[in-house]
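A.B. asks: The structure is given below, and queries will be raised subsequently.
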Amino acid sequence: MTYEKIIVDEPRPQVRRITLNRPEKRNPLSNELRAEMFHALEDADCDENIRVIVIRGAGSCFSAGYDLASNTARDQPYYTAGGLANWPRHVVEGFLHMWDMAKPIIAQVHGYCLAGGTELATACDLVYVAEDAKIGYPVVRSISPPDNQFYPWLVGLRRAMELMLTGDHMSGLEAVESGFANRAFPEESLEAEVLDIAERVAKVPTDIQQINKRAVHRQMDAMGIRAGIRAGTELQALATYTKSTQAHLAELRENLNKALSKRDQEFGDYRTEGDG
């Protein structure tokens, strides 16, 4: 497969790296990009010469979220049953697909990691962030809870509630403190640190490592994570029928940038940072 929206390379022995490559748009996760990414993930998972996968973003950030200028219902990279809540169910199926792969997947996060970007990062097994990264889900201010409602599982009740009720972002350092990420590094050293960690992970043979990875996920399964996150897709769909969400969706269709700026104006952050 020829890739147009991602770059694939092998920066260290047995390490496959996928770079989201739409930097001019802050790496929005269109279905086209996601199709390429999942193809590359599956290819690496089947490659006997690869033991670990790294996902990062080109340019100024990891990813600012899903591509709101595209129709997410069309050309989805894998089949999800249609009907109500198709999109959040589709997102969650991709999350679980990544969890169920044999090879460990590492997220290398810098700059903005928002909305769909956070959902992609949480689907990875390890998350390493720049100290000044900005990680959040501003969509809760105007549309719905996340498609993948990961916050309570990763950061606990009180922190999850604060993030859900404000849409505020965490810095990389705060993300580590809260349990969203493993470690934070200065942005200038993030890539080298991640590759060093990837090399250490790659020292363990895949036939053992896939069981190590699965062992952690099975404990999360026993605590109900899959059932809880799947149930959350129904709440996400329900929220889209509120009057406030319907009004915001109409504004998005009329002028995407203006609607997003209006959403964040009162908070003085994200695209309006410094204006409040």
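A.B. asks: Compute the length gained on full extension between GLU162 and GLU199: take 0.36 nm times their separation in residues and subtract their Cα-Cα distance, giving the result in nm to one decimal.
C.D. replies: Values: separation 37, 0.36 × 37 = 13.32 nm, distance 3.62 nm.
Going from the current span to full extension adds 9.7 nm.
A.B. asks: Here's another thing I want to ask about it. Once Lys and Arg get +1 and Asp and Glu get -1 on their Cβ, which of ALA160, GLN246, VAL139 lies farthest toward the positive end of the dipole of the chain?
C.D. replies: So the residue we want is GLN246.
A.B. asks: Please rank VAL201, VAL139, fewest neighbouring Cβ atoms within 10 Å first, as an exposure proxy.
C.D. replies: Numbers: VAL201 21, VAL139 25.
Going from sparsest to densest Cβ surroundings: VAL201, VAL139.
A.B. asks: I'd like the distance separating the alpha-carbon centroids of the stretch 213-238 and the stretch 85-117, in whole Å.
C.D. replies: Between the Cα centres of the stretch 213-238 and the stretch 85-117 lies a distance of 13 Å.
A.B. asks: So, with +1 on the Cβ of K and R and -1 on the Cβ of D and E, and no other charges, what is the size of the charge dipole of the stretch 174-222 about its Cα centre, to the nearest 20 debye? Can you show the working numbers first?
C.D. replies: Numbers: 6 positive and 10 negative charges, 99 e Å.
So the dipole magnitude of the stretch 174-222 works out to roughly 480 debye.
A.B. asks: Note the listed values (i) 14.0; (ii) 16.0; (iii) 33.5, then indicate which one is mean projected area of the Cα convex hull in nm² calculated from this particular structure.
C.D. replies: Given (i) 14.0; (ii) 16.0; (iii) 33.5, the structure-derived one carries the label (i).
A.B. asks: Oh, and also: One quarter of the convex hull surface, Cα atoms only: what value does that give for the stretch 1-115 in nm²? Walk me through the numbers before you get to the answer.
C.D. replies: Details: hull surface 28.8 nm².
Value for the stretch 1-115: 7.2 nm².
A.B. asks: Next up: Students often get this wrong: which residues of the stretch 129-143 have the backbone nitrogen under 17 Å from the point 7 angstrom along Cα-to-C-beta of ALA250?
C.D. replies: 142-143
A.B. asks: Diagonalise the Cα gyration tensor of the stretch 119-276 and give the resulting equivalent ellipsoid semi-axes, square root of 5 times each eigenvalue, largest first, whole Å. The partial results should precede the final answer.
C.D. replies: Details: eigenvalues 203, 93, 34 Å².
One finds semi-axes of 32, 22, 13 Å for the stretch 119-276.
A.B. asks: Taking the DSSP beta bridges in the chain as the whole, what percent of them are antiparallel, to the nearest 5? Walk me through the numbers before you get to the answer.
C.D. replies: Values: 8 of 29 bridges.
So the antiparallel bridges amount to about 30 percent of the total.
A.B. asks: In whole Å, what is the distance between the alpha-carbon centres of the stretch 239-276 and the stretch 63-80?
C.D. replies: Result: 19 Å between the Cα centres.
A.B. asks: Summing -39500 (n - 2.57) over the DSSP H runs of n ≥ 4 in the chain and dividing by its residue number, what mean residue ellipticity at 222 nm do you reach, to the nearest 500 deg cm²/dmol? Write down the numbers at each step before the final one.
C.D. replies: On the way: 11 runs with 129 residues, N = 276.
For the chain, the value works out to -14500 deg cm²/dmol.
A.B. asks: Determine the dipole magnitude for the stretch 75-155: charges of +1 sit on the beta-carbon of Lys and Arg, -1 on that of Asp and Glu, nothing else is charged, the reference point is the Cα centre, and the result goes in debye to the nearest 20. Please list the in-between numbers first.
C.D. replies: Numbers: 4 positive and 8 negative charges, 29 e Å.
About 140 debye.
A.B. asks: Testing the spin-label approximation: label points 7 Å from Cα along Cα→Cβ at ALA69 and MET220. State their distance in nm.
C.D. replies: Calculated label separation equals 3.3 nm.
A.B. asks: Can you compute the charge dipole magnitude of the stretch 148-276 about its Cα centre, using +1 on each Lys and Arg Cβ and -1 on each Asp and Glu Cβ, nothing else charged? Give it in debye, rounded to the nearest 20. The partial results should precede the final answer.
C.D. replies: Working: 16 positive and 20 negative charges, 163 e Å.
Approximately 780 debye in magnitude.
Read the figures in this text as sums done on the coordinates, not as results from a lab. As the structure is a computational prediction, the values presented were derived from the model and not from experiment. Ideal geometry is used to build each Cβ from the backbone, glycine not excepted, and the neighbour counts take in all protein chains shown.
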